[in-house]
Amino acid sequence: MGLIDIARSKSPWILHFDAGACNGCDIEILACLTPVYDVERFGIINIGNPKHADVLLVTGTVNKRSARVLRNLYDQMPDPKAVVAIGACALSGGVFHECYNVLGGVDSVLPVDVYVPGCAPKPEAIIEGVVMALGKMQEREHARKRGAA
Amino acid sequence: MTEAARPPIAPVCDVQPTRPVSVGDLVAAVEAMAARRLRFVTATCLDMGGRFDIYYHFADGVKLDNLLVTIPREAELPSITAVYLGAFLVENEMKELFGINVVDIAIDYKGRLFMTELDQPHPMAKVQSGATPAGQGE
Amino acid sequence: MAQRTVIPFGPQHPVLPEPIQLKLTLKDEIVEEALPHIGYVHRGVEKAAERMDYTQNVFLVERICGICSFIHALCYCQGLERLMGLEVPRRAAYLRVIWSELHRLQSHHLWLGLYADAFGFESLFMEFWRSREMLMDIFEKTAGSRVIISACCIGGVRRDISDQHLQETLETLKTLEAAFDKSSEVMLNDYTVKKRTVGKGVLQADKAIMLGAAGPVLRASGVEQDARQTGFAAYDELRVEPVVETAGDCYARAKVRIREVRQSLDLVRRAIAGLPDTDIAVRPKGRPNGRTISRVEQPRGELLYFLAANGSQKLERLRVRTPTFANVAPLVHMLPGSELADVPVIVLSIDPCISCTER
Amino acid sequence: MMLSSVIRNLFSKPATRPFAPAARTAPQGYRGAVEFEEEVCIYCGACATRCPANAICVDRVAKSLEFDPFKCVQCGACAEACKKGCVQLQIDYQHPVAVRHTVAFHGPPKPTVAP
């Protein structure tokens, strides 16, 4: 494993986008940053710039307007990247399945690596999801390298 | 309704008092509300099939004072943003979601407040103008 | 020579956890015009509420906003109870007050933290959010969830709070208050905080009324209006005096919220002390019929639900007017004339909740 | 002011909660993952009609139940509606997964009906 891979797996930078959530999940993501859950002890940093990010956390149902922004953010992120869908809305639309302006879960727009169910998921679940996404990202990177070699 | 049992709560929050006004008198009635220094709360639009019932809610201290305008579908509704600028969001919302022809809104989003051009027009309306998408209407 | 530039602020912006776009027209560094563009989180809850069962709607409206979810459910249930002629047991009314006020505490702590973050005071953000976790623990213990507590139901509340939990809550609030004393002191008296907030984004009382501001934004401009004065739930017995400031700037809005935290602490204590011993819910009978308005006070301001029912299993219309929806117009009025660097502070000073606004 | 904060923080317990494996469990009554007890279920469909998210599908005739944990919002309406106590909300939260899945089960094999 190269130095960059190690650095990435030990210190993933996350980007958060709210595609149409009720704020519950967003606040829980922010709560992860605070002293009680303190994700920085795992090297996880929340960042505003998509070009610096490794993991994209998406909350909420996707509508047409936010799908465009979401796609845009995802395309700007450098490879390798992972997407974590957080909360029942991001997974399937959840309680908003009857709403007219809902396209469904995040996986209708982007490939999702890890699904974190719950409404709203506990910060523990979110951290667990990010850790899982890192594992998947690494696996994929290894597979790519093996394929290239 | 058994309203008498809880005197402090019920009278304050009901739709009473509601004063019906005609479309032509709406702006004048709203100006009268402004002269009394009432705070504009919001407007509520109900699609009754052939007509729209539109309530305008104003706060008089802790009490509410309401106006009710009934207009036929396709009719024009004057904007009250010249009096209460705060109404611009709700009027744009009515225009987009119900398809009410609200004219002269101060900040007009041209029926594109919430949704994109790709979406079906007026999702809240019970009768769809033009093609009715499946699952719409009652 | 002055140059005009248009700067899009958002939808994805470090200071805002939620997507809203403001098109700012600048003349050098001064904002001349601000135009909000929303619709990134619009779902269509009002229509969905017409298609779903009225009992299921309780869970739907709760998820309009994850920060004040209980109060949304309370407002909805209260409206339906009026339509169905239900009398809520007194204990349920008191429990509703306790949970609402805890939500207000939680929301104000959250806002104070985000606000501190907006002007770059990160340690203060951490202080407030650390205190906030105590409140989240109370929710977890008493209602079974951290965020969407689903404690309200038509006819009362879904679960009781045991005496032991009430005692624990009081203990926690004591710790919380001690921590709050320290951090709010900084928020009110620190030189740098004052520098960033005093005199920024001024809203006069007249303008606040004409633009239809709500909640702390309205009260910070010197208008004495608070929906809790209408006496819903148990507020008819636990009287509430509106917290009013007159300056109308960002500092005053922070001050209103800080004083409201103290008021809420007091209310929770009073509600726990006077908690009557009755049932916690009545079974709903019949179907709702008629039209009514239900108003409650959210942390962000007055929340209004308009309910129309026709005696069937489904509602005819559910209209939700959230406080941020009302506060967008005052925001558009406040921004022109301010410097670009102050925009995040002013935007946050109305405590924007975009998911509420767009539903 | 600042000095007192520094001293307080140096000598107080850490505010941070330990994460796995020493993570704390949620208090009693926490609404976590929804679990069904197959043996008890009578396929009445009460949970399905009450579910606000349409996460539960019950076929009363075929005696089968399908539950989509991805749609579930953990409101607990199903557990309240269930007369048999078949639906329960666990204290542990639902763990993240990498693939979509549903929970499905059905009743005892139907008595063979002549075609």
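The values are calculated or read from the model by the stated rules, or taken from the named source; none is laboratory data. Remember, it's a predicted structure, so these values are computed and weren't measured experimentally. Ideal geometry is used to build each Cβ from the backbone, glycine not excepted, and the neighbour counts take in all protein chains shown. Note: accessible area is taken over every heavy atom of the protein model, side chains too, but ligands, DNA and RNA are not part of it. Shrake-Rupley method; radii C 1.70, N 1.55, O 1.52, S 1.80 Å.
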Using the Karplus curve 6.51 cos²θ - 1.76 cosθ + 1.60 with θ = phi - 60°, work out ³J(HN,Hα) for each residue of the stretch D:71-85 in order, rounded to whole Hz, and write x for Gly and Pro.
8, 4, 10, 6, 7, x, 5, 5, 5, 6, 6, 6, 7, 8, x
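Mind pulling up the Rg/Rh value for the stretch A:3-148? Radius of gyration and Kirkwood radius, both on Cα.
Details: Rg = 14.7 Å, Rh = 15.2 Å.
Result for the stretch A:3-148 is an Rg/Rh of 0.97.
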Cα to Cα, under 16 Å, and not fewer than 8 places away if on the same chain: which aspartates and glutamates meet these conditions relative to D:Lys13?
A:Asp38, C:Glu127, C:Glu133
On the accessible surface of chain A, probed at 1.4 Å with all protein chains in place, carbon and sulfur together account for a percent value of 55 percent
As I understand it, the dipole of the stretch D:34-106 uses +1 on the Cβ of Lys and Arg and -1 on the Cβ of Asp and Glu, about the Cα centre. Which of D:Ala104, D:Ala53, D:Tyr93 lies farthest toward its positive end?
D:Ala53
Taking alpha-carbon centroids only, the stretch C:168-213 lies from the stretch C:4-75 a number of Å equal to 23 Å
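With a 1.4 Å probe, how much accessible area is buried between chains A and C, both sides summed, in Å² to the nearest hundred?
Values: alone 8070 and 14900 Å², together 19690 Å².
Heavy-atom accessible area buried at this interface is about 3300 Å².
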Could you sort the residues of the stretch C:222-250 by number and keep only those whose accessible area is reduced by 40 Å² or more in the all-protein-chain setting relative to the chain alone, 1.4 Å probe?
C:Gln225, C:Thr230
Roll a 1.4 Å probe over the protein heavy atoms and report the accessible area of B:Glu76 in Å², nearest 10.
110 Å²
Please compute the modelled spin-label separation between A:His52 and D:Lys84, points set 7 Å along Cα→Cβ, answer in nm with one decimal.
5.5 nm
Helix check for chain C. Which DSSP H runs span at least 24 Å along their own axis by Cα, with a mean Kyte-Doolittle hydropathy no less than -1.0?
C:90-118, C:122-143, C:163-189, C:250-273
For the stretch C:43-344, give me the percentage of DSSP beta bridges that are antiparallel, rounded to the nearest 5 percent.
100 percent
Zone of C:Gln313 (label point 7 Å along Cα→Cβ, backbone N under 16 Å): which residues in the stretch D:56-70?
D:56-60
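What is the dipole size for chain A, taken about its Cα centre, with +1 at each Lys and Arg Cβ and -1 at each Asp and Glu Cβ, in debye to the nearest 20?
On the way: 15 positive and 16 negative charges, 102 e Å.
Here the size comes out at about 500 debye.
Of all accessible surface on the stretch D:34-106 at a 1.4 Å probe, what whole percent is carbon and sulfur?
Numbers: 1900 of 3680 Å².
Percent of accessible area from carbon and sulfur atoms in the stretch D:34-106: 52.
What's the whole-number percent of alpha carbon pairs in the stretch C:263-351 lying beyond 21 angstrom?
62 percent
Could you tell me what percent of the DSSP beta bridges with both partners in the stretch B:14-103 are antiparallel, to the nearest 5?
Bridges in the stretch B:14-103 that DSSP calls antiparallel: roughly 70 percent.
Ranked from the most accessible area to the least, with a 1.4 Å probe and all protein chains present, what is the order of C:Glu297, C:Glu87?
On the way: C:Glu297 5, C:Glu87 90 Å².
Order by accessible area, largest first: C:Glu87, C:Glu297.
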Tally of Lys pairs whose C-alpha atoms are under 24 Å apart, taken over chain A, 8 or more apart or cross-chain
15
To the nearest 10 square angstrom, how much accessible area does B:Thr81 have with a 1.4 angstrom probe?
10 Å²
Name the shape class, rounded, prolate or oblate, that the alpha-carbon gyration tensor gives for the protein assembly as shown, where a ≥ b ≥ c are the square roots of its eigenvalues, rounded holds for a/c under 1.5, and otherwise prolate holds if a/b is larger than b/c and oblate otherwise.
rounded
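Suppose every K and R has +1 on its Cβ and every D and E has -1 on its Cβ; what is the size of the dipole of chain C about the Cα centre, in Debye to the nearest 20?
Numbers: 46 positive and 45 negative charges, 204 e Å.
It comes to approximately 980 debye.
If you roll a 1.4 Å probe over the heavy atoms of the protein chains, what accessible area per residue do you get for chain C, in Å²? Show your work: numbers first, answer last.
On the way: 10420 Å² over 359 residues.
Ligands and nucleic acids excluded, the figure is 29 Å² per residue.
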With R₀ set to 25 angstrom, the calculated FRET efficiency between the beta-carbons of C:Ala178 and D:Gln28, to the nearest 0.05, is 0.35
Sort all Cα-Cα distances of the stretch B:14-103 into consecutive 10 angstrom bins from zero, then give the percent of pairs in each bin up to the one containing the longest distance.
17, 55, 26, 2
Taking 60 Å as R0, compute the FRET efficiency from the Cβ-Cβ separation of A:Asp75 and D:Glu39 and round it to 0.05.
0.75
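Rolling a 1.4 Å sphere over the protein heavy atoms, what is the accessible area per residue of the stretch D:34-106, to the nearest Å²? Please list the in-between numbers first.
Details: 3680 Å² over 73 residues.
I get 50 Å² per residue for this part.
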Compare C:Gly66, C:Gly44, C:Gly120 in a GNM of chain C, Cα atoms joined below 10 Å, and give the one with the largest fluctuation.
C:Gly44
Among C:Gln164, C:Ile148, C:Thr175 - extreme Cα towards positive end, dipole of the stretch C:123-175, charges at beta-carbon:
C:Ile148
Of all alpha-carbon pairs in the stretch D:34-106, indicate the percentage at a distance above 16 angstrom.
43 percent
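From the Cα trace of the stretch A:71-129, what convex hull volume per residue do you get, rounded to a whole Å³?
Numbers: hull volume 4.8 nm³, N = 59.
Cα convex hull per residue, to the nearest whole number: 82 Å³.
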Just to be sure I understand: if you take the accessible area of chain C alone plus chain B alone and subtract the pair, with a 1.4 Å probe, what total do you get in Å², rounded to 100?
4400 Å²
So, over other residues within a Cβ distance under 11 Å of A:Thr59, counting Lys, Arg +1 and Asp, Glu -1, the net charge is -4
Rolling a 1.4 angstrom probe over the protein chains, ignoring ligands and nucleic acids, what is the accessible area of C:Trp129 in square angstrom, nearest 10?
0 Å²
Need one number: nm distance between label points at B:Arg112 and B:Ala35, each 7 Å from Cα along Cα→Cβ, rounded to one decimal.
4.1 nm
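Can you sort A:His142, C:His103, A:His52 by 1.4 Å-probe accessible area, starting with the largest?
Details: A:His142 70, C:His103 0, A:His52 95 Å².
The ordering from most to least exposed comes out as A:His52, A:His142, C:His103.
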Can you run phi through the Karplus equation (6.51, -1.76, 1.60; θ = phi - 60°) for the stretch B:28-41 and list ³J(HN,Hα) in whole Hz, with x for Gly and Pro?
5, 5, 5, 4, 5, 5, 5, 5, 7, 6, 7, 8, 6, 9
In units of 2.2 N^0.38 Å, the Cα radius of gyration of chain C is 0.99
Taking amide H atoms as placed 1.01 Å from N in the peptide plane, list the residues 5 or more away in sequence, or in a different chain, whose amide H sits under 5 Å from that of C:Glu302.
C:Gly215
Only helices counted: for the protein assembly as shown, with every DSSP H run of 4 or more residues adding -39500 (n - 2.57) and the sum spread over all residues, [θ] at 222 nm is -11500 deg cm²/dmol
Ordered by number, the residues of the stretch C:43-90 with at least 50 Å² less accessible area in the assembly than alone (1.4 Å probe) are C:Arg43, C:Lys47, C:Arg51, C:Met52, C:Gln56, C:Phe59, C:Arg63, C:Arg82, C:Glu87
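Which value, in debye to the nearest 20, describes the size of the charge dipole of the stretch D:34-106 about its Cα centre when Lys and Arg Cβ atoms bear +1, Asp and Glu Cβ atoms bear -1, and nothing else is charged? Could you put the intermediate results ahead of the total?
Values: 7 positive and 9 negative charges, 53 e Å.
Charge dipole of the stretch D:34-106: 260 debye, to the nearest 20.
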Going from the alpha-carbon gyration tensor of the stretch C:1-113, what semi-axes, largest first and in whole Å, does one get by taking the root of 5 times each eigenvalue?
40, 18, 11
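At a 1.4 Å probe radius, which order do C:Lys285, B:Lys63, C:Lys314 fall into by accessible area, largest first? Spell out each step's value before the answer.
Numbers: C:Lys285 150, B:Lys63 125, C:Lys314 95 Å².
Descending order: C:Lys285, B:Lys63, C:Lys314.
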Dividing the convex hull volume of the Cα atoms of the stretch C:153-259 by its residue count, what figure in Å³ per residue is obtained?
137 Å³
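Give the carbon-plus-sulfur fraction of the accessible surface of the stretch C:43-344 in %, rounded to a whole number; probe 1.4 Å, heavy atoms of protein chains only.
Numbers: 3990 of 8330 Å².
Carbon-and-sulfur percentage of accessible area, whole number: 48.
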Restraint check, B:Lys110/C:Lys47; C:Lys47/D:Lys84; C:Lys23/C:Lys255, Cα-Cα greater than 23 Å
C:Lys47/D:Lys84; C:Lys23/C:Lys255
